[in-house]
Amino acid sequence: MDTKCIQDADFSTTGYSYTLSLISGKYKPVILYCLMEYEPVRFNEMQRYLKHVTDKTLSRNLKELEADGLISRTVYPQIPPKVEYRLTERGHSLMEVLDKLCDWGMENRP
C-alpha cells in the first residue's frame, strides 16, 4: 500500500464524509426515519416520537435538514399556525442508505 497516497488523502472530501455530515448527530437519522414512516409530520408529533428531545434541539435539527435540502417545511396560514415536515426527493433518495444501516443492525445485533 502506498503510504504517500494515504498521507495525501483528505477524508473530508469523500462522499462518505459528506453523507455523514448530513445525517450526523443523535436526532437527524431518527427524524428522517420518522418522516419516512409517517409523513407529513407536525412538530409536536415529531417531539412525541423522539421523546426526550428539547424544542430547541429539534428545531435546530429540522432547520439543518431543511437547509441541506433533505426535508421541506410547509406553513399553513391559520390560527394556531400549522407546520408540517416532509422528506424532499433528495431526502427520499437517502432512505435507501438508512435502510441498509437498519438491515445491518438487525443482522448484527447481539
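What follows draws every value from the coordinates through simple rules; no lab data is involved. Note that the coordinates shown come from a computational prediction; the quantities given were computed from them, not determined experimentally. Please note: Cβ atoms are built from the backbone with ideal geometry, for glycine as well, and neighbour counts cover all protein chains shown.
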**Q.** Check: segment 67-110 dipole with +1 on Lys, Arg Cβ and -1 on Asp, Glu Cβ, in debye
**A.** 240 debye
Q. Across the chain, how many lysine pairs separated by 8 or more positions, or lying on different chains, have Cα atoms within less than 21 Å?
A. 12
Q: Quick one: dipole size for the chain, taken about the Cα centre, charges +1 on Lys/Arg Cβ and -1 on Asp/Glu Cβ, in debye to the nearest 20.
A: 580 debye
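How would you order 41-47, 30-36, 14-20 from highest to lowest mean count of nearby Cβ atoms within 10 Å? Each step should come with its number before you reach the end.
Details: 41-47: 16.1, 30-36: 20.1, 14-20: 10.1.
Ranked from most to least packed, the peptides come out as 30-36, 41-47, 14-20.
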Q: State, in angstrom, two size descriptors of the chain derived from its alpha carbons: Rg to one decimal place and Dmax to the nearest whole number.
A: 17.0, 64
Q. Which angle from 0 to 90°, rounded to the nearest 10, does the C-alpha axis of helix 28-38 make with the longest principal axis of the chain?
A. 50 degrees
Q) What are the ³J(HN,Hα) values, in whole Hz, obtained from phi via the Karplus relation 6.51 cos²θ - 1.76 cosθ + 1.60 with θ = phi - 60°, for each residue of segment 47-62 in sequence order, with x given for Gly and Pro? A) 4, 5, 5, 7, 6, 9, 9, 7, 4, 4, 5, 5, 4, 4, 5, 5
Q | Karplus-derived HN-Hα couplings along segment 91-105 (A = 6.51, B = -1.76, C = 1.60, θ = phi - 60°), whole Hz, x at Gly and Pro | A | x, 4, 5, 7, 5, 4, 5, 5, 4, 5, 4, 5, 4, 4, x
Q.
Under the rule of at least 5 residues apart or a separate chain, name every residue whose amide H is placed under 5 Å from the amide H of T88.
A. I71, S72
